[in-house]
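Each remark here refers to the structure printed beneath this line.
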Amino acid sequence: MKLRKKIMDKGERLSPHHTDFIHIDTRRCNGCGRCTEVCRKGVVGMVHILWHKHAVIRNAGCCTGCMTCVKSCRRNAISAKSNNRQDINQNKDL
């Protein structure tokens with residue numbers, strides 16, 4: 001509880017499901033781990049609790065919005081946030 005307060009005081013968000021660029025839908029995630037393998041910054045990690053496993057955000061502040069995790073997810077459990085989709089689509093055209 002104290003750790004969460006310290007992080008929130010610094011202006012950082014503590015969320016296991018999203019960064020400024022991506023969102024993880026844990027209901028769709030099957031825990032295959034492809035996203036953790038392709039993420040060069042270590043943003044995406046995995047939760048393994050008995051029969052329950054799925055992707056989570058480990059280091060949200062390190063996310064650069066490269067979308068390699070989004071592209072690697074075959075179940076569409078990781079998606080680009082709607083406010084960044086236009087920026088991403090514009091960058092693809094360059």
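Non-local amide H neighbours of Val56 (under 5 Å, H modeled in plane, Pro and chain starts lacking H): which ones?
HN-HN under 5 Å from Val56: Gly45, Met46, Val47.
Would you kindly state how much longer the chain becomes between Arg27 and Lys81 on full extension, computed as 0.36 nm times their sequence separation minus their alpha carbon distance, in nm to one decimal?
17.7 nm
Just so you know, all these numbers are worked out from the coordinates, no wet-lab data involved. Computed from a predicted model, the values in this text were never measured in an experiment.
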